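Written out below as structure tokens is the structure these notes cover.
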Amino acid sequence: MMREKFTSMVLLLGLAFAPPALAARSDEIEAELRSLRTQMQLLENREESYRQEVLELKKVVDRVSQQAAGGQADIKAGLDEIRRRVETLEQKQQEIGQGQEEIAARLQNLEDKLETELSEIKTRLDYLDGGRAEPTPGTAPAPAPANVKDYREVYQLALEQFRAKSYDAARAQFEAFLKAYPNTELSDNAQFGIGECYYALAQYDKAVLEYDKVRKNFPNGNKVPNALWKMALAFDRLGNRDVAKGFLKELTEKYPASAEADLAKKKLAAWK
């Protein structure tokens, strides 16, 4: 856990100043890492479900075995069927274990690549004047106008840029808003807005990372269900529907009364 926090912190620092191509590559690796970790969690959940079912069936086997000892043929037939079910479930557990080992190996490989990328970022940063690279045109945070006094007005400016489909400018405004006003009732909206800008530009890997910050940095905000919904859509766009389904299920379980949960149920039904 400490290692993940460290690499995430270094990655964020590196991405702020690294050359665009290297930063984009690091984003891709981080997105794939998140995808694999989500898949691992889904496998662990399935394994636990199968384990519980095996335990219940074994209890039934023990109970029926005692009855079958009296020579009851029909009970013995039922016992044989239960045993077959137990064997099937145990086989599924074994397959899940193999899947977990494969994903764990892929995770380790990606983490090693990420460490290499981060090391390269740090090396390049050392050569930058004052530790800062020149900002990429169109991506530097836009300062709020001098005559704007209310943070709601600053947010509204970003929202207007988004509605005008000026997504790079809108993202810069949302980022500037978060930097100046990190703890308002609109801060989670601004974070979500950054994800929306990337999503609108079809940069789905980056969108996932920004949506994920909504639920991590603003867990009690009202944008979390929407963020989970858009994370699922983004992963589907990236060609990973299994992970997308995982986020939809999380959405329906944790926020069943939300409008997004209804959308998630319909989407899961359509994907069967």
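Given R0 = 30 Å, the distance between the Cβ atoms of ALA164 and ARG237 translates into a calculated FRET efficiency of 0.80. Here the Karplus relation 6.51 cos²θ - 1.76 cosθ + 1.60, evaluated at θ = phi - 60°, turns the backbone of region 99-108 into coupling constants of x, 5, 5, 5, 5, 4, 5, 5, 4, 4 Hz, with x for every Gly and Pro. When its C-alpha radius of gyration is set against 2.2 N^0.38 Å (N residues), region 151-270 gives a value of 1.05. The simple spin-label model puts a point 7 Å past each Cα toward its Cβ; for SER49 and ALA257 those points are separated by 2.6 nm.
For the residue pairs LYS59/LYS265; LYS58/LYS230; LYS58/LYS213; LYS206/LYS272; LYS206/LYS267; LYS223/LYS272, alpha carbon separations beyond 32 Å are given by LYS59/LYS265; LYS58/LYS230; LYS58/LYS213. Note on THR184/LYS216: beta-carbon distance plugged into 1/(1 + (r/R0)^6) with R0 of 30 Å gives a FRET efficiency of 0.95. For region 220-226, putting each phi into the Karplus relation 6.51 cos²θ - 1.76 cosθ + 1.60 with θ = phi - 60° gives couplings of 9, x, 7, 9, 4, x, 5 Hz, in residue order, rounded to whole numbers and with x for Gly and Pro. Sorting the segments 80-93, 248-261 by their mean number of nearby beta carbons within 10 angstrom, highest to lowest, gives 248-261, 80-93. Extension gain for MET40 to GLU90 (0.36 nm times residue separation, less C-alpha to C-alpha distance): 16.1 nm.
Each reported figure results from applying straightforward, stated rules to the coordinates on display, with no laboratory input. It should be emphasised that the depicted structure is a prediction, and the values quoted were computed from it without experimental measurement. Every residue, glycine among them, receives a Cβ derived from its backbone with ideal geometry; neighbour counts consider all protein chains shown.
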